[in-house]
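One structure is given here, and the rest of the page talks about it.
The values are calculated or read from the model by the stated rules, or taken from the named source; none is laboratory data. None of these values were measured; they are calculated from a predicted model. All Cβ positions, even for glycine, are placed from backbone atoms using ideal geometry, and neighbour counts span all protein chains on display. For the accessible areas, the whole protein counts, side chains as well, though only heavy atoms, and no ligand, DNA or RNA atoms are used. Shrake-Rupley method; radii C 1.70, N 1.55, O 1.52, S 1.80 Å.
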Amino acid sequence: MDCEFNDDVTDWLGESDVESGAEAPKMQPKQAERDTPAAPPEKISLFAGERPTDLPSFIEWWLTAPGLDAIGPRGRVAPRGNPGADLMILVTDPEENDEETLLSGAQGRLLSRMLKAMGIGENRVYIASALPRFTPLADGQTMLQAGYAEVLKHHVALVAPRRVLAFGANILPLLGHDMAQDSRSLRELNHETGSTPLMVAEGLESMMGMPRLKANFWRRWLDWTAN
């Protein structure tokens with residue numbers, strides 16, 4: 001088009017608003033708020049001071065630190081195993097009736113049978129949870145915002161296992177997983193001292209109720225250990 005058709009008269013030779021010194025229209029406050037990027041959430045550190053520098057001091061901190069969760073030390077369950085383990089097993093939280101021993105119930109019995117079938121003695125395994133106590137409906141994003149990813153990765157660095165096997169979808173955000181991607185794409189756990197080969201599997205409780213998940217786990221386990 002090379003012509004403009006308009007009922008109103010337009011002064012094409014007049015000065016523009018900018019040239020005449022007229023103020024440009026101001027952005028409405030609500031629009032300005034929408035265009036301002038949101039501030040990133042504040043990073044929470046549960047250590048609140050110096051981090052434990054070895055595994056015994058970490059376990060003592062895990063059982064006694066008042067700021068680790070809102071309830072306090074009562075009812076927390078310690079991890080079990082030795083540093084330098086061939087395999088570190090991670091779960092989201094202890095079982096409901098755990099007291100002195102982590103995974104002392106049905107999930108622990110299933111895990112023991114799985115380890116036996118894998119040909120791995122329990123003395124070569126380190127078992128830990130991302131949360132210090134049984135926490136029904138634990139949510140991975142909530143745990144991430146609460147600072148548990150930093151604690152988990154520091155724990156792995158102190159244990160220094162050869163491999164890490166993590167059970168349960170809720171633990172994925174703490175491992176650095178992008179929820180938009182397939183969990184199988186997460187093959188390494190990056191932490192302070194490097195990275196460790198990682199396999200993520202369905203939760204032990206889910207496996208107890210769905211036998212097909214066990215078959216799926218074994219296929220993935222054989223592929224992972226073969227490589």
*Figure the gain on full extension for GLU60 and ILE44 (residue separation times 0.36 nm, minus the Cα-Cα span) and round it to one decimal in nm.*
3.7 nm
*asked:* Going by amide H atoms built from the backbone, whose H comes under 5 Å of the H on GLU202, apart from near neighbours?
replied: GLY168
*Over the stretch 112-227, what is the mean sequence separation of C-alpha contacts under 8 Å (at least six apart), divided by residue count, expressed as relative contact order in percent?*
21 percent
*In sequence order, what are the phi-derived ³J(HN,Hα) couplings for the stretch 59-67 according to the Karplus relation 6.51 cos²θ - 1.76 cosθ + 1.60 with θ = phi - 60°, rounded to whole Hz, with x for glycine and proline?*
5, 4, 4, 4, 8, 10, 4, x, x
*Under a 5 Å amide H to amide H cut-off, with H placed in plane at 1.01 Å, what residues pair with ILE89 once short-range neighbours are removed?*
TYR126, ILE127, ALA128, LEU165
*For LEU189, residues with placed amide H under 5 Å, excluding near neighbours*: THR196, LEU198
*What are the ³J(HN,Hα) values, in whole Hz, obtained from phi via the Karplus relation 6.51 cos²θ - 1.76 cosθ + 1.60 with θ = phi - 60°, for each residue of the stretch 75-85 in sequence order, with x given for Gly and Pro?*
x, 6, 10, 7, x, 9, x, 10, x, x, 5
*Please give the per residue accessible area of the stretch 96-227, computed with a probe of 1.4 Å over protein heavy atoms only, in Å².*
51 Å²
*With label points built 7 Å along Cα→Cβ from the Cα atoms of ASN190 and ARG163, find their separation and express it in nm.*
2.3 nm
*State the extension gain, in nm to one decimal, for the chain segment bounded by ARG220 and SER104, taking 0.36 nm per residue of separation less the distance between their alpha-carbons.*
39.2 nm
*Hand me the trypsin sites (Lys or Arg not before Pro) from the stretch 70-126 located in a DSSP loop with no more than 13 other Cβ atoms within 10 Å, in residue order please.*
ARG74
